[in-house]
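Written below as structure tokens is the structure these notes are about.
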Amino acid sequence: MSTDKRSGGKDLTDSQVDRQNILNNPYALAEIEKAAGIQGIPFAGNTVLLKEQVATFFEVTPRTIDNYIEKFGDELRQNGYVVLRGKQLKELKLSIQENFGNETDFVTKTTVLGVFDFRSFLNLAMLIAESERARLLRQAILDIVIDIINQRTGGGTKYINQRDESFLHSAFAEENYRKEFTSALSRYVDMGNLKYPIYTDKVYVSIFKENAREYRKILKLHAQEKVRETFYAEILDLISSYEYGFAKVLEAAYQKKGGKLNSFEVDRLFQEFESQPHWKPLLEKARNKMASRDLAFRDALHHQLQEYVTPLQRAEFERFIGEKSKELAERLEEAKDVMKRLKERD
């Protein structure tokens, strides 16, 4: 099966995470619905489609639709497919009668009826392998998702992390804790300047299982681009905790020894430090955030974190491409104004 080149070779029929990321993105859904122009049945403030209408659109048999409902029922129900009975079914029949007359007489004889809203219709489009129309719609979906994210981020996603309102505070705080860490390495560790990248990488590998070089490669960062400027706020917060905490461990070990520590002693201390059980829930959360967001927003897969990937919820799209998200320059301007007011108040 061919896939759209712009999608990076994504095949939505194979990836539930990719499907759900699209279906949870309200900005992409709105554009896809406009582009698709699907006409359905007005029902309960929404528009729905019958199985027969869906089969006609995709040029497959109703039995084919039944097979997909049977195989992917849980996913489709999660995304809006519903079986109507009783009062709800009567209301739907009235809507059909009002809008289509006797064109769908078969509906009057049934006591249960499955219907697709637009979201579950798209879900089905991302599953049906037999339909050329479904394949073309999948290509259009992927194009629109790419265009919407680029449009709302000003043309690129490398620094989408900086659109989060939490980023600026985390970045400022991390910079201060970073100084504590490098100062501790300088004062308490008997090694050359190589100690700074070595123990920075140890922190990275402990948190997200990649050193700086591997991370750069995955995000396609240029030599002059700074790794930490691409980290999400939660990752920066955890790095701050690691670096400040380990700085204090080094200080205590230096005082106990009465002199600088060698590399073997520092390695052993770090191994003990990262093995503390309280890190586990924080690490799992950070890995999930990095792996899931980078796949959805940057189309970047961290192979070492693949098991942590889950679909993003709607709130994540609001956070990074929604109305509350802003360019870093805007955040800095706001912060400057706040600092100025505080200074005037003093």
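In this view, the solvent-accessible surface of residue 222, computed with a 1.4 Å probe and all protein chains in place, comes to about 110 Å². The value for the chain of Rg(Cα) / (2.2 N^0.38 Å) is 1.30. Heavy-atom accessible surface of residue 14, to the nearest 10 Å², is about 130 Å², with a 1.4 Å probe and all protein chains retained. Once the Cα atoms are used to define both axes, helix 167-188 deviates from the longest principal axis of the chain by about 30 degrees. Counting only other residues whose beta carbon sits under 9 Å from that of residue 171, what net charge do I get with K and R as +1, D and E as -1? Charge balance in the 9 Å sphere: -2. Set against the 2.2 N^0.38 Å expectation for a compact globular protein, segment 124-211 has a Cα radius of gyration ratio of 1.84. Bridgeable aspartates and glutamates around residue 202 (alpha carbons under 12 Å apart, same-chain partners fewer than 8 residues away excluded): 210, 243, 267, 274. In the full protein context, the chain carries 54 Å² of accessible surface per residue, based on a 1.4 Å probe and ignoring ligands, DNA and RNA. Running a GNM on the chain with Cα contacts under 10 Å, which residue among 224, 313, 20 ends up with the highest mean-square fluctuation? Between 224, 313, 20, it is 224 that shows the largest mean-square fluctuation. Accessible surface for residue 47 stands near 60 Å², nearest 10, in the context of the full protein assembly shown (1.4 Å probe).
Protein-only accessible surface at a 1.4 angstrom probe places the residues 234, 210 in the order 234, 210, largest first. Listed cross-link partners 280/324; 285/324; 158/260; 10/217 are compared with a 29 Å cut-off, the Cα-Cα value being larger for 280/324; 158/260.
Partner aspartates and glutamates whose Cα lies under 12 Å from the Cα of residue 257, excluding those fewer than 8 positions away in the same chain, are identified as 265.
The values are calculated or read from the model by the stated rules, or taken from the named source; none is laboratory data. Predicted, not measured: the structure shown is a model, and the values here were computed from it. Because the Cβ atoms are built from the backbone with ideal geometry, glycine has one as well, and the counts that use them run over all protein chains shown. Keep in mind that these areas ignore ligands, DNA and RNA; they rest on the heavy atoms of the full protein, side chains included. Shrake-Rupley method; radii C 1.70, N 1.55, O 1.52, S 1.80 Å.
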